1. Please say if the stretch 43-156 is rounded, prolate or oblate, where rounded means a/c under 1.5 for a ≥ b ≥ c the square roots of the C-alpha gyration tensor eigenvalues, and otherwise the choice is prolate for a/b larger than b/c and oblate otherwise?
2. Give the long-range amide H neighbours of V220: residues separated by 5 or more places, or on another chain, with amide H under 5 Å away, using H modelled in the peptide plane at 1.01 Å from N.
3. In the Gaussian network model of the chain, springs joining C-alpha atoms below 10 Å, which of C58, C193, C251 carries the largest mean-square fluctuation?
4. Compare E242, E156, E22 in a GNM of the chain, Cα atoms joined below 10 Å, and give the one with the largest fluctuation.
5. Along the charge dipole of the chain, which of A158, A28, I15 sits closest to the positive end, that is, farthest toward it, with unit charges on the beta carbon of Lys, Arg, Asp and Glu (+1, +1, -1, -1)?
6. Expressed in nm to one decimal, what extension gain is obtained for the pair A46 and T30 from 0.36 nm per residue of sequence separation less their Cα-Cα distance?
7. Expressed in nm to one decimal, what extension gain is obtained for the pair L206 and L244 from 0.36 nm per residue of sequence separation less their Cα-Cα distance?
8. Just the number, please: percent antiparallel of the DSSP beta bridges in the stretch 149-276, rounded to the nearest 5.
Amino acid sequence: MSAKILDGKQLAETIRTEIGNEVAEFVAKTGIKPALAVILVGENPASQVYVRNKEAACCKAGMESLMFRLPSETSTNDLLALIDKLNADSSVHGILVQLPLPKGIDEKQILDSIDPSKDVDAFHPENVGLISQGRPRFLPCTPYGIQQLLVRYQIETAGKHIVILGRSDIVGKPMALLLVQKGKDANATVTICHSRTADLPSITRLADILIVAIGQAEFVTADMVKEGAVVIDVGMNRIEKESLDEHNQPCLVKKLVGDVDFNSVKEVASAITPVPGGVGPLTVTMLLLNTLRSAKQHSGKVNYSVF
């Protein structure tokens, strides 16, 4: 029997409706419109798509979207100057610098320069430290989206063995921090695997929940997954695959796939996220939620809650 499909796209729509209602109520009570400033440097095609998606999502949720498109020749100092200006602007509640940045720009210095109270990506060292202590200001968007997916599909994490493939600062590490916490929607036993992990399949097969974020197309196959496991695929890879054209002749077609071999793994897992339509839409949704939370914190109205 094939695995249950965890529909991140549909869930994202549901949560965005909730956020939109919260935004409308907040604006009506305070006159403050949550505002997200997004900075895009250079002409990276994928980044341009992501930025457009974020802009559209903000507008649909009733938030202000401020876009800053800079040439690839922009210097670190010029970018720092813009961030300083946004840090000081009380009408801006969230600041996001789209990654990756062009060569020559000090990415670490840029991310560290964002006011932690406006760091809605939760990349600043101060926010990472708060997460590790279990008292987050914001939660990183992709891990937060995955956690919401598990919660809303009623997939228990307490006492479960969760294996995470990948140790990035964006997904792997913060995902582990969220799930290992003592508290609601966590309490898991977490193992992080990476490129130096010995006998990787023997570890992934122990997972009750397997979260894959390694950036290698269709890397995880059915023999690496325990029967009945929940599989969360964070990967997004564009590859060429053999197919047949309209004349039934062999051809190559471009296809978007995850880090999991979906067709084989869905026959072993109990539940699985598709690519596209899984984790991706939830990442942008959590960005909206963090921006709303930031606006509420900056308003001084501590009685406002998110959800």
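1. On the way: a/c = 1.72, a/b = 1.40, b/c = 1.22.
The shape class here is prolate.
2. When sequence neighbours closer than 5 places are left aside, the close amide H contacts are V260, D261.
3. Of C58, C193, C251, the Gaussian network model singles out C251 as fluctuating most.
4. The residue with the greatest mean-square fluctuation here is E242.
5. A28
6. On the way: separation 16, 0.36 × 16 = 5.76 nm, distance 3.63 nm.
Stretched out fully, the A46 to T30 stretch lengthens by 2.1 nm.
7. Details: separation 38, 0.36 × 38 = 13.68 nm, distance 3.85 nm.
Computed gain between L206 and L244 is 9.8 nm.
8. Working: 8 of 24 bridges.
Of those bridges, close to 35 percent are antiparallel.
The values are calculated or read from the model by the stated rules, or taken from the named source; none is laboratory data. Bear in mind that the values here come from a model prediction, so they are computed numbers and not experimental data. Here the Cβ is made from the backbone with ideal geometry for all residues, glycine too, and neighbour counts use every protein chain on show. Protein only, heavy atoms only, side chains kept; ligands, DNA and RNA dropped before computing areas. Shrake-Rupley method; radii C 1.70, N 1.55, O 1.52, S 1.80 Å.
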